[in-house]
Amino acid sequence: MAFFFFISFVILTRAVELLHSRRNETWLVEQGAVEYGRKHYPFIVALHALFLISLMVEYYTIQNGSFNAVLLVLYFMLLAFKVWVIGSLGKFWNTKIYHVTGFPLVKKGAYKYFKHPNYVIVIAEIAIIPLVFNLYFTAIVFTILNFIMLFVRIKEENKALRI
């Protein structure tokens with residue numbers, strides 16, 4: 001039962017993030033933003049969808065039921081950090097890469113200390129979420145896939161930010 005509530009919460013938070021991203025995307029496009037990374041974005045969506053599916057399949061395959069409370073608390077701490085990151089970027093936060101001419105790069109909040117704090121969170125989430133319920137296969141496979149995807153993503157984002 002704990003897994004059901006946890007995975008439902010994770011899916012709900014992802015859905016809220018996507019809705020928030022969509023609203024910000026509308027504003028960004030109205031400001032004349034140009035999107036970068038269109039070719040790899042569907043792969044990011046697929047990676048995250050398959051991640052959620054893998055969590056459920058692995059959990060219901062092993063049917064362990066136990067969870068790690070320390071990692072659960074760490075996950076909620078990551079969510080707090082994510083809220084700070086999203087708040088730091090304000091209307092510029094998005095799941096896609098946009099560049100808007102005439103606006104300076106955000107250098108406040110988390111972005112005062114890290115160049116890509118959102119990706120630090122994503123890396124940690126992909127590893128920690130499965131480990132909360134001892135789902136080692138999903139943790140290992142998707143951490144590796146996520147690193148590969150972020151290598152492509154960060155390169156593309158850095159290119160867009162140099163413009």
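The values are calculated or read from the model by the stated rules, or taken from the named source; none is laboratory data. Only a predicted model underlies this, so the values are computations on that prediction, with no experimental measurement involved. Heads up, the Cβs are rebuilt from the backbone with ideal geometry, glycines too, and the neighbour counts pull from every protein chain shown.
Things worth noting here:
- Checking every residue in the range 85-99 against the condition of being in a helix (DSSP H, G or I), touching a His at 6+ places or on another chain (Cβ under 9 Å) and either crowded, with 17+ Cβ neighbours inside 10 Å or not β-branched (Val, Ile, Thr) (or both) gives at least one match.
- Residues that are assigned to a helix (DSSP H, G or I) and among the acidic types (Asp, Glu), drawn from the range 24-74: Glu25, Glu30, Glu58
- Restricting attention to the range 114-162, the residues that are of a type in the set (Lys, Arg) and in contact with a Leu (Cβ under 6 Å, 6 or more places away or on another chain) add up to 0.
- Residue that is surrounded by the fewest Cβ atoms within 10 Å (Cβ to Cβ), among those in the range 58-80 that are farther than 10 Å from Ile128 by Cβ, modelled with pLDDT of 95 or more and touching a helix residue (DSSP H, G or I) at 6+ places or on another chain (Cβ under 8 Å): Leu79
Residue by residue, here is whether (1) of a type in the set (S, T, N, Q); (2) buried (at least 16 other Cβ atoms within 10 Å of the Cβ); (3) closer than 28 Å to Ile7 by Cα; (4) under 13 Å from the mean Cα position of the chain (by Cα) holds:
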{"site": "Lys112", "(1), (2), (3), (4)": "no, no, no, no"}
{"site": "Ile121", "(1), (2), (3), (4)": "no, yes, yes, yes"}
{"site": "Ile129", "(1), (2), (3), (4)": "no, yes, yes, yes"}
{"site": "Phe133", "(1), (2), (3), (4)": "no, yes, yes, no"}
{"site": "Thr138", "(1), (2), (3), (4)": "yes, yes, yes, no"}
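- Test: residue in the range 29-43 that is surrounded by 16 or more Cβ atoms within 10 Å (Cβ to Cβ), closer than 16 Å to Ile128 by Cα, within 21 Å of the chain's Cα centre (by Cα) and not hydrophobic (A, V, I, L, M, F, W, C): no
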